[in-house]
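The values are calculated or read from the model by the stated rules, or taken from the named source; none is laboratory data. Since this is a predicted model, take the numbers as computed values, not measurements. For neighbour counting, all protein chains shown are included, and Cβ atoms are generated from backbone atoms with ideal geometry for every residue, glycine included.
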4 protein chains.
Amino acid sequence: MDQKVRFAIIGAGRIGQVHAENLTRHVQEAKVVAIVDVIHDAAKQTAQRFGIAHASGDPEEIFSSREIDAVAICSSTETHSEYIIRAARAGKHAFCEKPIALDLPAVDAALAAVKESGTKLQIGFNRRFDPNFRGIRDAVRRGEIGSPYLVQITSRDPEAPPLSYVKGSGGLFLDMMIHDFDMTRFLLDDEVEEVSATGAVRVDPAIGEAGDIDTAVVTVRYRCGALGVITNSRQAVYGGDQRVEVLGSLGSVSCENNTPDRVIRQTEMGVIHPKPLYFFLERYQVAYADELRSFIQAIRDDTEVEVTGNDGRAPVVLALAAGLSFREKRAVSVSEVSD
Amino acid sequence: MDQKVRFAIIGAGRIGQVHAENLTRHVQEAKVVAIVDVIHDAAKQTAQRFGIAHASGDPEEIFSSREIDAVAICSSTETHSEYIIRAARAGKHAFCEKPIALDLPAVDAALAAVKESGTKLQIGFNRRFDPNFRGIRDAVRRGEIGSPYLVQITSRDPEAPPLSYVKGSGGLFLDMMIHDFDMTRFLLDDEVEEVSATGAVRVDPAIGEAGDIDTAVVTVRYRCGALGVITNSRQAVYGGDQRVEVLGSLGSVSCENNTPDRVIRQTEMGVIHPKPLYFFLERYQVAYADELRSFIQAIRDDTEVEVTGNDGRAPVVLALAAGLSFREKRAVSVSEVSD
Amino acid sequence: MDQKVRFAIIGAGRIGQVHAENLTRHVQEAKVVAIVDVIHDAAKQTAQRFGIAHASGDPEEIFSSREIDAVAICSSTETHSEYIIRAARAGKHAFCEKPIALDLPAVDAALAAVKESGTKLQIGFNRRFDPNFRGIRDAVRRGEIGSPYLVQITSRDPEAPPLSYVKGSGGLFLDMMIHDFDMTRFLLDDEVEEVSATGAVRVDPAIGEAGDIDTAVVTVRYRCGALGVITNSRQAVYGGDQRVEVLGSLGSVSCENNTPDRVIRQTEMGVIHPKPLYFFLERYQVAYADELRSFIQAIRDDTEVEVTGNDGRAPVVLALAAGLSFREKRAVSVSEVSD
Amino acid sequence: MDQKVRFAIIGAGRIGQVHAENLTRHVQEAKVVAIVDVIHDAAKQTAQRFGIAHASGDPEEIFSSREIDAVAICSSTETHSEYIIRAARAGKHAFCEKPIALDLPAVDAALAAVKESGTKLQIGFNRRFDPNFRGIRDAVRRGEIGSPYLVQITSRDPEAPPLSYVKGSGGLFLDMMIHDFDMTRFLLDDEVEEVSATGAVRVDPAIGEAGDIDTAVVTVRYRCGALGVITNSRQAVYGGDQRVEVLGSLGSVSCENNTPDRVIRQTEMGVIHPKPLYFFLERYQVAYADELRSFIQAIRDDTEVEVTGNDGRAPVVLALAAGLSFREKRAVSVSEVSD
């Protein structure tokens, strides 16, 4: 019971609070000893809300503390790489939100530091812990659909983020589709070799004026020869719509969306089923706790984490390749972006 | 934060552990200060597992303690009535598992004690807090289906309980269908006036030899004139199957079963959807926590509980009427059993 | 090609026209040579519509004609028994709409005449030819659900018939639930021994004033010991709702309603699936043609028909027993009504 | 009634027999007076089966006959263009199976002849008459999903055709995906401007050795700015899988597959729903009759046909563009192939 992993959380924003709630209430094997945010008040409020003993505005306190085994990096993307490096040098394990960085040199610097220190780094690709996606991956692994032919990933947010967020996001491929790029690799346990991207502005012209797109289709070719396709839309008014299907020689395995309940109304208007859960925090509630449990398990057992630094790097490569393909209207080999 | 409701749990069996887990981990407004079981070791083990300070083999310690605001009565059915009475006399609120008792005098004695003391009593009809059933009740209340015509309740356990349990259970009507009798009242906010029961032994002849049935159909007539029908089976090998439908002048509202995930396989065998959750503790996980939150809310706000002592009494009356109807092969008016 | 079975249709009402259309257009092995209706103009119009050579107001012409092999009796219920007898005596096979009659003596007279003549009689229980219900029966027969526990039949019309129709219908049990009584026997290949009926007036008070009910629940006990329950409502505003489920020791088999298409809308309002087909003629379109094909096959091969005179009699017995049970508020053994 | 449209069918292969059955049995407004096939025996057998008066091995007899109003061209693809031209010059309306031809000059020659003659030409894109796809198109037209964002078309055959067929098919884009290219235009009432194709050999290496692919993803960009994606697989062992979804600013509209029935089994293995209909002739049974009814209606009313010659040309253009895109690994503007 005393072998609880002692955590510090860096970043008291939305995702920081999600991890704080899980680590303090739902993950028995963790103990949160500190929370840091550059806005000191935000750290203090979150500390109070979840009963965390120490709140601070200075991350340095964390890296120098002997009472901390691991950090959960929930700060803004541009700080991820630096905090991974500092955690590694301080001998602390790091759980880091995606993406590691928006450019490969920063990603590689972080991974090198972790490699040198021998600490553990897990990337927050929470969807890998969603029971539906995991169920599909497991079925594929067990050979239930035979040899894979085609992966179809449909991913739609309920509404577009604020324009201010869009501007700093790195673009749809790096911000939104990065989850789906991770999913392509996860579902088949295979690497993508080639990417072809098409994009459009359909949801909001302001997104286009900001230099981004809000609708996209990306085709991928796997090393094994299978094909995949990802479609993204920044807006599906009926809720967060994230479905996956893998077709193979013995059939297909797919998933429907989670819904708040299973209540069905039959009226003169039609047979009305519940909408998908609107918000990704609801949809992936279980997954957010489970990814932390998995991380802690790897620390305790000193085994490989389930989502490695390389798993954090590969989707960044795919997103960069997709951006290039979109701009040049041609298929792009992944080796053009990273060898 | 200091206004947490201080609980003692009586009974460290399966359901006692469910409430212990919820009260210690998932219900922030509760604090469990003691657990009691006549088997002292059981109390100690559960106390250790959930970090409960005090474990005891003697319920008297609880009723005399000033550090306890409320008790959760999870002991065997024949003790419920007595513990409700002792809690009431000790000025403690009581959350009691169903049924209050297997006979009306015991039920009425308990309710009288509670009335006299002015403490709160909530009965553990957890299904009232299931999002599906609650969603249906709410839709009916809002008038979405207009005037109600017909309530259909399908309730099937995944497998029959051990014969030893069956023998002491009070029979299918009082043990299993009591949840559905409660549901009839809950769904329409109306009382049942007449009951017609048919039963059979289909699952296991040993259940028949023990004087019970394992399959039953009960028709009810509501005060408002609507009809209802409950079907029960002790065994549905594909999982716990609990569905409800209400038909009215404007349509119907119903629910499907919860499933562990939403993964679908399409193979040469067919299109295979997930089975219902097998075990009722999984199915009603959310409901078990929510009923406790509701109870605590009523204590803190000093408002009426959501599932009253009378809500605990009425299904016992219906179960007794069903037993009479089954034995005499005729419709039985509820007033024959209780006025 | 010349061995087509030559038909005369008696009755040019709604159901007569359904059979006329099927026999003239969709059932290649039949040839309709005459149509008769007491309203001569109705016969003429239907004859013209479907290219039938001969139209008449006098059924006698049919029974005396040598050019006719079989009659389809689609006239009003009170004439069924007489026409069956006359067809039998004239050596003609008869396909007769349900019910044979509203009283057992009339039914038995008809069956006796058929037995004596050695001609074939098939009753128009079209639902036996519905691919869904047939699929369930076949699954039960193949042992897919093991030993049967419970049959649940839900049957709802989209709207109540005109009051004038209700008054002459023989009441809900004989008019509407008769199809479901037939289904109880069909699904399990077993006989019902005991019936308990409850009824109510919920849809339209005028139906109650006419001495009938519009909502009913009937429980049946099979000879094999299994239970069954039928629920009926004269009104489900979202369409004709006819579902069946059989639960057994190895699982359950059930069916959903047919819908006009499979189009799904996802909007802010919900996920809207298509409503069940509104009208029974649409729902059972395939079944209406298939029952005639089956009848013709039996004539050509000189084999037993799929829905015998006894299959027409038994549901009348069950309906009469249900009426008695409803009036006397007690379980009624089928042997009380017919031995 | 005498104004039936008099048809000759050219080609007595599989699809010729489908049209023969529909025109002789299910489409009341047509009369088939002749059938022609270069294999005279095939013509004779089909004539006998469906009661067609005249069978011939020489199409010339048809074009010179005064007793024929329209031809149904069901012969092999390379003859389509020539027969359209001969029908037009003979003043006969033509219903022609897809594709018109595998190259644009042949297509354009056929369309020019029809334009000159003023006769009617309808192309056999039967899926436009499928109630599901039509329901989606109608919902889009009515504005139910608002401004369109994304069209997703999933199209999978149950099994790959024989290698001999593959070799003469013109390749997957012209043979299989041509239906889906037609669907892209049909669903949005808009033209495609740009195509990006990716393909693979996953089902059978022999298909690759024959110079074709069996798995493909094609992204399209519409004139209105919306995107679309088509995925094709030559093999889905669970049945013919053809689904469509259109996402827009107000939601999405999609369809599920048709199934032979709606029977659901619940066992220890899972909840087993019916598979999609295996064969396209079953799936599109209604559509095959309805496209002929529509054609005949246009002839009788002298109105524009529902699937014009240009509707036959456009998907050929898209298929050629997709082939170019696949070979050159780049986005191809439709104007590169046809202006």
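Please tell me if C:VAL307 is more than 17 Å from C:LEU102 (Cα to Cα), surrounded by fewer than 17 Cβ atoms within 10 Å (Cβ to Cβ) and among the β-branched types (Val, Ile, Thr). Spell out the reasoning first.
On the way: more than 17 Å from C:LEU102 (Cα to Cα): yes; surrounded by fewer than 17 Cβ atoms within 10 Å (Cβ to Cβ): no; among the β-branched types (Val, Ile, Thr): yes.
No: the conditions fail for C:VAL307.
Go through A:GLU60, A:GLU21, A:GLU78, A:GLU82 for me and flag whichever is free of Cβ contacts under 8 Å to residues at least 60 places away in the same chain and either farther than 23 Å from A:VAL114 by Cβ or among the basic types (Lys, Arg) (or both).
A:GLU21
Given the options A:ASP261, A:ASP339, A:ASP302, name the one that is on the phi > 0 side of the Ramachandran plot and without any contact (Cβ under 8 Å) to a residue 60 or more places away in the chain.
On the way: A:ASP261 fails: on the phi > 0 side of the Ramachandran plot; A:ASP339 fails: on the phi > 0 side of the Ramachandran plot.
Going through A:ASP261, A:ASP339, A:ASP302 in turn, the sole match is A:ASP302.
Across the stretch B:157-173, what is the number of residues that are part of a helix (DSSP H, G or I) and closer than 23 Å to C:VAL151 by Cα?
Kept after step one, since they are part of a helix (DSSP H, G or I), are these residues of the stretch B:157-173: B:163-167, B:172-173.
Still in the list and also closer than 23 Å to C:VAL151 by Cα: B:172-173.
Counting residues in the stretch B:157-173 that are part of a helix (DSSP H, G or I) and closer than 23 Å to C:VAL151 by Cα gives 2.
Looking at (1) crowded, with 20+ Cβ neighbours inside 10 Å; (2) of a type outside the set (S, T, N, Q); (3) over 22 Å from D:THR267 (Cα atoms), which one does C:GLY248 not meet, given that it meets all the others?
(3) is the only condition that C:GLY248 fails.
Looking at this structure, is B:SER81 within 14 Å of another protein chain (Cβ to nearest Cβ) and in contact with a helix residue (DSSP H, G or I) (Cβ under 9 Å, 6 or more places away or on another chain)?
No: the conditions fail for B:SER81.
Residues checked against (1) surrounded by fewer than 22 Cβ atoms within 10 Å (Cβ to Cβ); (2) touching a residue at least 60 places away in the same chain (Cβ under 8 Å); (3) among the acidic types (Asp, Glu); (4) within 23 Å of B:GLU256 (Cβ to Cβ):
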{"site": "D:ALA210", "(1), (2), (3), (4)": "yes, no, no, no"}
{"site": "D:LEU227", "(1), (2), (3), (4)": "no, yes, no, no"}
{"site": "D:GLY239", "(1), (2), (3), (4)": "no, yes, no, no"}
{"site": "D:GLN242", "(1), (2), (3), (4)": "no, yes, no, no"}
{"site": "D:VAL271", "(1), (2), (3), (4)": "no, no, no, yes"}
{"site": "D:LEU277", "(1), (2), (3), (4)": "yes, no, no, no"}
{"site": "D:ARG293", "(1), (2), (3), (4)": "yes, yes, no, no"}
{"site": "D:GLY312", "(1), (2), (3), (4)": "no, yes, no, no"}
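Go through (1) more than 18 Å from the chain's Cα centre (by Cα); (2) more than 26 Å from B:SER76 (Cβ to Cβ) and name the single condition B:GLY208 misses.
(2)
All but one of (1) in contact with a Ser or Thr (Cβ under 8 Å, 6 or more places away or on another chain); (2) surrounded by fewer than 21 Cβ atoms within 10 Å (Cβ to Cβ); (3) within 30 Å of C:ALA72 (Cβ to Cβ) hold for C:GLY135; which doesn't?
For C:GLY135, the failing item is (1).
Take the residues in the stretch B:3-45 that are crowded, with 24+ Cβ neighbours inside 10 Å and among the β-branched types (Val, Ile, Thr); name whichever of them is nearest to B:GLU67 (Cα to Cα).
So the residue we want is B:VAL32.
For the stretch B:185-296, which strands (runs of 3 or more DSSP E) that fit wholly inside it have 3 or more residues that are within 14 Å of chain A (Cβ to nearest Cβ) and not hydroxyl-bearing (Ser, Thr, Tyr)?
B:241-248, B:251-255, B:263-267, B:270-273
Within the stretch C:321-332, is even one residue more than 14 Å from every other protein chain (Cβ to nearest Cβ), surrounded by fewer than 18 Cβ atoms within 10 Å (Cβ to Cβ) and either in contact (Cβ under 8 Å) with a residue 12 or more places away in the chain or outside any helix (DSSP H, G or I) (or both)?
Scanning the stretch C:321-332 turns up no residue that is more than 14 Å from every other protein chain (Cβ to nearest Cβ), surrounded by fewer than 18 Cβ atoms within 10 Å (Cβ to Cβ) and either in contact (Cβ under 8 Å) with a residue 12 or more places away in the chain or outside any helix (DSSP H, G or I) (or both).
Hey, any hits in the stretch C:116-134 for a residue that's basic (Lys, Arg) and assigned to a loop (DSSP other than H, G, I, E, B)?
Yes, that holds for at least one residue.
Of the residues C:LYS92, C:LYS98, which is under 29 Å from C:VAL166 (Cβ atoms) and of a type in the set (Lys, Arg)?
C:LYS98 is the lone residue from the list that is under 29 Å from C:VAL166 (Cβ atoms) and of a type in the set (Lys, Arg).
Could you say whether any residue in the stretch A:187-202 is β-branched (Val, Ile, Thr), under 28 Å from A:GLY309 (Cβ atoms) and in contact with a strand residue (DSSP E or B) (Cβ under 8 Å, 6 or more places away or on another chain)?
Quick first cut of the stretch A:187-202, residues β-branched (Val, Ile, Thr) only: A:192, A:195, A:198, A:201.
Add one more test, that the residue is under 28 Å from A:GLY309 (Cβ atoms), and what stays is A:192, A:195.
After this cut, where a residue has to be in contact with a strand residue (DSSP E or B) (Cβ under 8 Å, 6 or more places away or on another chain) as well, the list is A:192, A:195.
Yes, the stretch A:187-202 has at least one match.
Keeping to the stretch D:81-114, report how many residues are of a type in the set (Asp, Glu) and closer than 13 Å to D:GLY170 by Cβ.
Number of matching residues: 1.
Provide a single number: the residues in the stretch D:130-175 that are among the polar types (S, T, N, Q), more than 19 Å from the chain's Cα centre (by Cα) and within 11 Å of another protein chain (Cβ to nearest Cβ).
Total satisfying the criteria: 1.
Residues that are more than 26 Å from A:GLU21 (Cβ to Cβ), more than 21 Å from the chain's Cα centre (by Cα) and modelled with pLDDT of 95 or more, at least 1 per element: which strands (runs of 3 or more DSSP E) completely within the stretch B:1-112 meet that? Steps first, please.
Working: elements: B:5-10, B:30-36, B:54-56, B:70-73, B:93-96.
The qualifying strands (runs of 3 or more DSSP E) are B:30-36, B:54-56.
Go through (1) touching an Asp or Glu at 6+ places or on another chain (Cβ under 9 Å); (2) more than 30 Å from C:VAL317 (Cβ to Cβ) one by one and return the number of the condition C:PHE95 breaks.
Status for C:PHE95: all satisfied but (2).
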